1. Could you please tell me which pairs satisfy a Cβ distance under 6 Å, a separation of 6+ or placement on different chains, a first residue in region 184-209 that is within 14 Å of F10 (Cα to Cα), and a second residue that is away from ligand 2 (no atom under 16 Å from the Cβ)?
2. Could you please give the count of residues in region 11-28 that are open to solvent by 10 Å² or more (accessible area, probe 1.4 Å), over 18 Å from N208 (Cα atoms) and in a helix (DSSP H, G or I)?
3. Given S185, S168, S197, S158, which one is hydroxyl-bearing (S, T, Y) and within 16 Å of ligand 2 (Cβ to nearest atom)?
4. Taking the conditions exactly as written (of a type in the set (A, V, I, L, M, F, W, C), in a loop (DSSP other than H, G, I, E, B), touching an Asp or Glu at 6+ places or on another chain (Cβ under 8 Å) and farther than 14 Å from L121 by Cα), does I178 satisfy them or not?
Amino acid sequence: MKIGIFGGTFNPIHYGHLRAAEETAERLLLNKVIFVPTNITFDKKETLLEPEKRLKMINIAIKSHERFEASDIEIKRGGFSYSYDTIIQLKHIYPQDELYFIVGVDTYLGMKNWKNGKKILDIINFIIVSRACKEPDLKNLTKLKNFLPDELRNGIVSDYTENRLITSKNKLIYFLKITGLDISSTNIRNNFKNDVSNLFLLPNEVINYIINNKLYL
Ligand code: ATP
Ligand code: MG
């Protein structure tokens, strides 16, 4: 099976995430996408909503989508959430499967600061999706290569037909330009705080959960 792993704070999940997962799954023929909300994130300064509530909203949002799943492994592990640890864990859970780690391009550009950021690209395939208004040109493989950690740039091969790079460890890094939805959880949280409509930015059921539980006030 080809499995996409989509990590994030999902504070809250919105149509930008859902559409990215859907387009990625369809175009790269992923059998499923697993959403993995963080427990605590080391680079998020604002107070995060409790992880269980963020997971609950994911489950509400993906309820009727067979291809989508949510995982509580980062929450169960506790403490700070590092993608490296999650990937190692998932590789043990799915030893026979082809795993793809999905990130938005803003996340990709910040990877140099991650724990084991360089190692991660050696152990799992990557899918980098565009984010409206935030991208460098995702068709420019030569430029994208320059954002990789120095050690990794050597020995990498550009595969222009698939718009992907092939690392010296034979892992794939895909760059996908997807439908640009300029939606962010930060804007959504601000809208809730300021009593501004969030309709059509995230599923209605999630909006109702947020209102009923008086979140993001
Ligand atoms: P925040 O504003 O709190 O940072 P966010 O909207 O960026 O929230 P995250 O939970 O930080 O959402 O993102 C999880 C992953 O989804 C990241 O890899 C991010 O790049 C990607 N992502 C988020 N929003 C979009 C979007 N609108 N289109 C494509 N990818 C997105
Ligand atoms: Mg973000």
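The values are calculated or read from the model by the stated rules, or taken from the named source; none is laboratory data. Keep in mind that this is a model prediction, so the values were computed, not measured. Cβ coordinates were reconstructed from backbone atoms using ideal geometry, including for glycine residues, and neighbour counts include every protein chain displayed. Remember, those area values only see protein heavy atoms, side chains included, never the ligands or the DNA or RNA. Shrake-Rupley method; radii C 1.70, N 1.55, O 1.52, S 1.80 Å.
1. I188/N198; P203/A61; V206/I60; V206/A61; I207/N198
2. Residues in region 11-28 being open to solvent by 10 Å² or more (accessible area, probe 1.4 Å), over 18 Å from N208 (Cα atoms) and in a helix (DSSP H, G or I): 7 in total.
3. S185
4. So I178 fits the description; yes.
Yes/no per residue for (1) surrounded by 20 or more Cβ atoms within 10 Å (Cβ to Cβ); (2) of a type in the set (A, V, I, L, M, F, W, C); (3) at pLDDT below 95:
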residue	(1), (2), (3)
K56	no, no, no
S81	yes, no, yes
I93	no, yes, no
Q96	no, no, no
M111	no, yes, yes
K119	no, no, yes
D122	no, no, yes
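Each row is one residue, and each column tells you yes or no for (1) of a type in the set (A, V, I, L, M); (2) over 14 Å from the mean Cα position of the chain (by Cα).
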site	(1), (2)
T9	no, no
A20	yes, no
A25	yes, no
L30	yes, yes
